[in-house]
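Reading through the structure tokens given below for one structure.
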Amino acid sequence: MTGSTNGVSRTEQPGAVPLLEVRDLRTYFKTDDGIVRAVDGVSFSVEAGQTLGVVGESGSGKSVTMMSILGLNPKAGRLAPKDGSGAPEQMVGFLEESKKHISISTGAALFRGENLLEASSSRLRSLRGKEVSMIFQDPMTSLNPVLTVGDQLIEAVTLHRDISSRKARQVAIAGLEEVGIPRAGRRVDDYPHQFSGGMRQRVMIAMALINEPALLIADEPTTALDVTTQAQILDLISDLQKERGTAVVLITHDLGVVAETADDIVVMYAARVVEQAPVLELFEHPMHPYTWGLLGSLPRVDVTLDRLMQIGGQPPSLLRPPRGCRFRPRCAYAFDRCRTELPPATAQSYDPGHLDACLLDERFKLGESARVTHELGLTPEAA
Amino acid sequence: MTDALLEIDRLTKHFPITEGIVFKKEVATVKALDGVSLEVRRGETLGVVGESGCGKSTLARLITNLLTPTSGSVRFDGQDVATLAGQELLAFRRQVTMIFQDPYASLNPRKRVGFIVAEPLIVHDVGTETERKRRVQELLEVVGLNAEHYNRFPHEFSGGQRQRIGIARALAAGPRLIVCDEPVSALDVSVQAQILNLLSDLQAEFGLTYVFIAHDLSVVRHISDRVAVMYLGKLVELADAKALYAGPRHPYTGALLSAVPIANPRLGRQRRKLVLTGDVPNPIDPPSACRFHPRCPRTQGMCSIDDPELRAMGQDSVHEAACHFPLERWPMTPDEMRAPEGLPPLAGAGDELTPPELEVSR
């Protein structure tokens, strides 16, 4: 998958180190009800300047994956070497012995080659907000209501740069101007409640980008916003990204949003990655039954569908995930091997950049995929 | 007997904003709904769509007689609902029920499912206790739950299952009209599809009429026969779902449609978007005349002077819009788009517009 088609481009530099590479990440939490395997063997990578869309339903582990990478999980414990290499059983054993409600993460999250899971908390503090920053869903709760937006922006600047507060104020105003806040010189002294939802999200974006990070993690940045405001915010993120070459990880439950903004897509289900592909490939040749179900469940603004292709049942509990393939209880194609084997993410024979975690035969999946995309009007001919 | 089950005539609801504690002084009003007229036909689904603050939930509460209109009327089956009292009001409440947005907040956590679903039957004094129990178990199965769920509590269910309980409760008294206020917006995509399919099945089975309120244009397109688009308390466009999505006439509807991300990368990235500038104005002090004019790409002098009435567009009497300068083409051409004075140029204006064929043949 190289070159560009219809403005959907993807650059591949073989041998180049990706900006962020996550390998076999696992994050388990100890709770009153037992051990929650919130992230259970997730791998993906993000190239500089690219947008990775992470799609999944609630509880699929998308947010916890990002929180683990940035060391933001509450009460994160560490696995000492004596506790073993970090195999799932050892993690469970470690948590069972613990008397407190803690979480642990294993695997690797390599940011420019540095494993963030092993980084000290002071190193992470200097990294967050400078090289990697994050935007959250709810712009009201992520801004401090008793400080002016200027104070909060200035704090973000002076924390990472050695400049005078006067200079920092100028940087803050310039940041607000850049995200399209009118009369930034005056609005800088306003409090968050004086801004509308869309404007608050702009302030969050200004704050996240003020130190020109290489990677921006946006966790459902537009979910709380109205559709016309959502369009403004998505445009703003992609304009700023183009201008500065920032890589973006966009976490969302909305397939429409990733279809229009992402270069690559990761589909998560029950704490694991079930499919991963460049955006056009994912929509035109989806290979995992869950992806088919997700695409077919979506009411469309561009196509009239008589009936939605629903997936029966509900996502499994991560306290006791089903044995074998986690999607098996809801999958119409499941066969006996799915009960016992946990399918690994495997590349297609015809495309090493398209991975899916399903035991079905590739030729069979291609046939079903063609049928589904045809029914949903997703084939290239339909467009 | 007319075709209309529900007739809404120049319906207006203003909420006063008061100052002072003992001597409350009205300082302003929130014009939540301002002169909305429409009909809901027997057996149809009318979708009501709009952004936050457009008055769609106020409309739902006026239809179900949970609020009293400031002026105008809602007539259900020929009767003005605001004048109902006693037995008549009780009978109305049996016939018009509601499904709510939040499946967590809309079920009493201290009551068992059996009671929650049976409550409408108890209120309306339908059947004996054994009959009620049988009816509730039947209803639970109709909505895709098990009769054994009768004795469970709401917290034992997932969001989608709770929404099914809410639907069973809405069905219990045998309604003719169900007002669904954002019934799927709190649900995940796969569960949302289950609930939408269930609502369609129930409509076919029981001959129900739905008023379906949502902010998601894709969901509204999927479920609705006709669609009403609202903006700041006004009805701006009303048409058959297919016609509305294929060729919106009001510029606001056009902007809404072009803002919805399309789950099809080729189509979604090809099209040029009409991105509105600014936010929805404050309903306490809405813009004069046409409320959309400060953000409208087609605004002209008279838009700020004369408030456009909802009128039929062309020969097509089923397609109405409230606009002095309705869209002639969809998508708009670049020269049709211009920024209102004092605002930066609209995104997309001046560029070559690639037409998104919104209707994809299958």
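What follows draws every value from the coordinates through simple rules; no lab data is involved. These figures come from a predicted structure and were not determined experimentally. Neighbour counts run over all protein chains shown; Cβ positions are idealised from the backbone, glycine included.
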Calculated diffusion of the range B:254-336, Stokes-Einstein form, Kirkwood radius summed over Cα pairs, 4 °C and 1.567 mPa s, µm²/s: 88
Angle in degrees between helix B:189-206 and the longest Cα principal axis of chain B, rounded to the nearest 10: 70
How many angstrom lie between the C-alpha centres of the range A:308-380 and the range A:207-275? 25
When a footprinting reagent is the concern and you count Cβ atoms within 10 Å, what order do A:Phe29, A:Phe364, B:Phe212, B:Phe100 take, fewest first? A:Phe364, B:Phe100, A:Phe29, B:Phe212
Order of B:Cys323, B:Cys54 from fewest to most other C-beta atoms within 10 Å? B:Cys323, B:Cys54
Specify whether the C-alpha gyration tensor of chain A places it in the rounded, prolate or oblate class, a ≥ b ≥ c being the square roots of the eigenvalues: rounded for a/c under 1.5, otherwise prolate if a/b is larger than b/c and oblate if not. oblate
With θ set to phi - 60° and the Karplus curve 6.51 cos²θ - 1.76 cosθ + 1.60, what are the ³J(HN,Hα) couplings of the range B:302-311 in order, to the nearest whole Hz, using x for Gly and Pro? 5, 4, 8, 10, 10, 7, x, 8, 5, 9
Kindly express, to the nearest 10 degrees and within the range 0 to 90, the angle between helix A:149-160's C-alpha long axis and the longest C-alpha principal axis of chain A. 80
Three-way shape label, the range A:226-383, alpha-carbon gyration tensor, a/c 1.5: prolate
Whole number please: convex hull volume per residue of the Cα set in the protein assembly as shown, in Å³? 194
The answer for A:Val188, listing residues at least 5 apart or on another chain whose modeled amide H is closer than 5 Å to its amide H, is none
Beyond 27 Å (Cα-Cα) in this structure, taken from A:Lys62/A:Lys242; A:Lys30/A:Lys62; B:Lys56/B:Lys242; A:Lys242/B:Lys56; B:Lys242/B:Lys273, we find A:Lys242/B:Lys56
How large is the helix-only mean residue ellipticity at 222 nm for chain B, computed as the sum of -39500 (n - 2.57) over DSSP H runs with n ≥ 4, divided by its residue count, in deg cm²/dmol to the nearest 500? -8500 deg cm²/dmol
What spacing in nm lies between the two simple spin-label points modelled at B:Glu138 and B:Val22, each 7 Å away from Cα in the Cβ direction? 6.0
Gap separating the Cα centres of the range B:224-303 and the range A:105-128, nearest whole Å: 45
Quick check on the exposure proxy: order A:Thr27, A:Thr379, A:Thr141, A:Thr346 from fewest to most C-beta atoms within 10 angstrom. A:Thr141, A:Thr346, A:Thr379, A:Thr27
In vacuum, with every alpha carbon of the range B:4-224 counted as one equal point scatterer, what does the Debye formula give for log10 I(q)/I(0) at q = 0.08, 0.09, 0.17 Å⁻¹? Two decimals, please. -0.31, -0.39, -1.24
Averaged across the residues of A:220-233, what count of C-beta atoms belonging to other chains lies within 10 Å of each residue's C-beta? 5
A:Ala332/A:Leu124 FRET efficiency (R0 30 Å; Cβ-Cβ; nearest 0.05): 0.10
Just the number, please: percent antiparallel of the DSSP beta bridges in the protein assembly as shown, rounded to the nearest 5. 65
By how many degrees, between 0 and 90 and to the nearest 10, does the Cα long axis of helix B:86-95 differ from the longest principal axis of chain B? 70
Could you go through the range A:94-103 in sequence order and give the Karplus-derived ³J(HN,Hα) for each residue, using 6.51 cos²θ - 1.76 cosθ + 1.60 with θ = phi - 60°, rounded to whole Hz, and x for Gly and Pro? 4, 5, 5, 6, 5, 8, 9, 7, 10, 10
May I ask for the Rg/Rh ratio of the range A:286-375, computed from Cα atoms with Rh as the Kirkwood radius, given to two decimals? 0.98
